[in-house]
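Here, each number is a calculation from the coordinates, and none is a lab measurement. Here the structure is a predicted model, which means the values were calculated and not measured. Glycine gets a Cβ as well: all are built from the backbone with ideal geometry, and neighbour counts include every protein chain shown.
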Amino acid sequence: VIQAVEIVENVIAGIKNLDGDNQSLIESLETACKDVGLLKNKPTLRTKDGEGLTFPVLEAAQNLEEIWEETEGDDPDELQFKTGEFVDSASTLTGKLKKRTVIMT
């Protein structure tokens, strides 16, 4: 989770340096990062199932970073698509973890 947040924060910094109206893209990514960042200390993430739940978030963050490095903002449609993937995976993770509890013994 921490790695995914760091990756996306770097992409956000790059998007902020672009010309054009990217505010909605930035806001979406910042909100998703904040939500995922709040989960980093959840005991559920230390379980095998928890690790499995975080993989799609990390993968989406890496895909976003990859498209950012390849295009550096020159392909706004692809950037928007990868942003949507990250936001969706982040909201799925937060939704699933709200319903889970772990008893640590």
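Assorted remarks:
- Members of the stretch 57-71 that are in contact with a Lys or Arg (Cβ under 6 Å, 6 or more places away or on another chain) and under 18 Å from T31 (Cβ atoms): L64
- Only residues that are of a type in the set (A, V, I, L, M, F, W, C), assigned to a helix (DSSP H, G or I) and closer than 18 Å to T92 by Cβ were counted across the stretch 3-54, and they come to 10.
- Top-ranked residue in the stretch 7-35 [being of a type in the set (D, E) and within 16 Å of P76 (Cα to Cα); ranked as surrounded by the fewest Cβ atoms within 10 Å (Cβ to Cβ)]: D19
- Look at the stretch 54-73: where a residue is under 11 Å from Q3 (Cα atoms) and a partner is not hydroxyl-bearing (S, T, Y) and not in a helix (DSSP H, G or I), sitting 6+ places away or on another chain with Cβ atoms under 7 Å, you get T54/V1; V57/V1.
- Residue check, D75 surrounded by 13 or more Cβ atoms within 10 Å (Cβ to Cβ) and out of contact with any helix residue (DSSP H, G or I) (no Cβ under 6 Å at 6 or more places or on another chain): yes
- Search result, residues across the stretch 55-66 that are out of contact with any helix residue (DSSP H, G or I) (no Cβ under 6 Å at 6 or more places or on another chain) and either closer than 12 Å to T92 by Cα or of a type in the set (A, V, I, L, M, F, W, C) (or both): F55
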